[in-house]
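Some notes on the structure that comes next.
Any read-out appearing in this document is the output of simple, stated calculations on the displayed coordinates, not a laboratory observation. The structure presented is a predicted model; accordingly, all values stated were derived computationally and were not measured. Don't worry about glycine lacking a Cβ; one is built from the backbone with ideal geometry, like all the others, and counts go over all protein chains shown.
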Amino acid sequence: MATDFCCVDTATLRRFHVLFFIEVGSRRVHLAGITTNPTGAWTTQAARNLLYELPDGFRFVIHDGAGQYSPSFDAVFEAAGIEPITTPPRAPMANTYAERWVRTLRHEL
């Protein structure tokens, strides 16, 4: 499983942050939420919601080092026996599945 944020700008000049998870094997995408202000608490709750939806579907979750992914975000996955993997700074190729999905989304829209 890989996760990332995608930013969407609206006609009213508002920016929304879309948190999504993508299954690496099947490329199935799970939209975790949309907000104008992603915080550590918000992403932690999104992680809990994902685990409720997919209780035993994956072994690890890949994410970048953005501030929205707080230690409590990782702790939610660790408590479920899932290994959180943080990618190195400025290395988008380390999370290629999520980055490619964002590119496809932007191209299709």
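Tabulated values for the structure
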quantity	calculated
Spacing of the two label points (7 Å from each Cα toward its C-beta) at residue 72 and residue 24, in nm	2.8 nm
Counted charge near residue 4, where neighbours are those whose Cβ lies closer than 9 Å (Asp, Glu -1; Lys, Arg +1)	-2
Rg and Dmax [Cα atoms of the range 6-62; Å; Rg one decimal, Dmax integer]	12.9, 40
Contour minus Cα-Cα distance for residue 39 and residue 108 (0.36 nm per residue)	22.0 nm
Farthest toward positive dipole pole in the chain [+1 Lys/Arg, -1 Asp/Glu at C-beta], among 96, 13, 68	13
Over the chain: Kirkwood hydrodynamic radius from C-alpha pairwise inverse distances, Å	14.2 Å
Antiparallel content of DSSP bridges confined to the chain, in %, to 5	75 percent
Stretch gain in nm, segment residue 53-residue 15, where the contour uses 0.36 nm per residue and the Cα spacing is subtracted	11.0 nm
The chain - percent relative contact order, Cα under 8 Å, separation 6 or more	24 percent
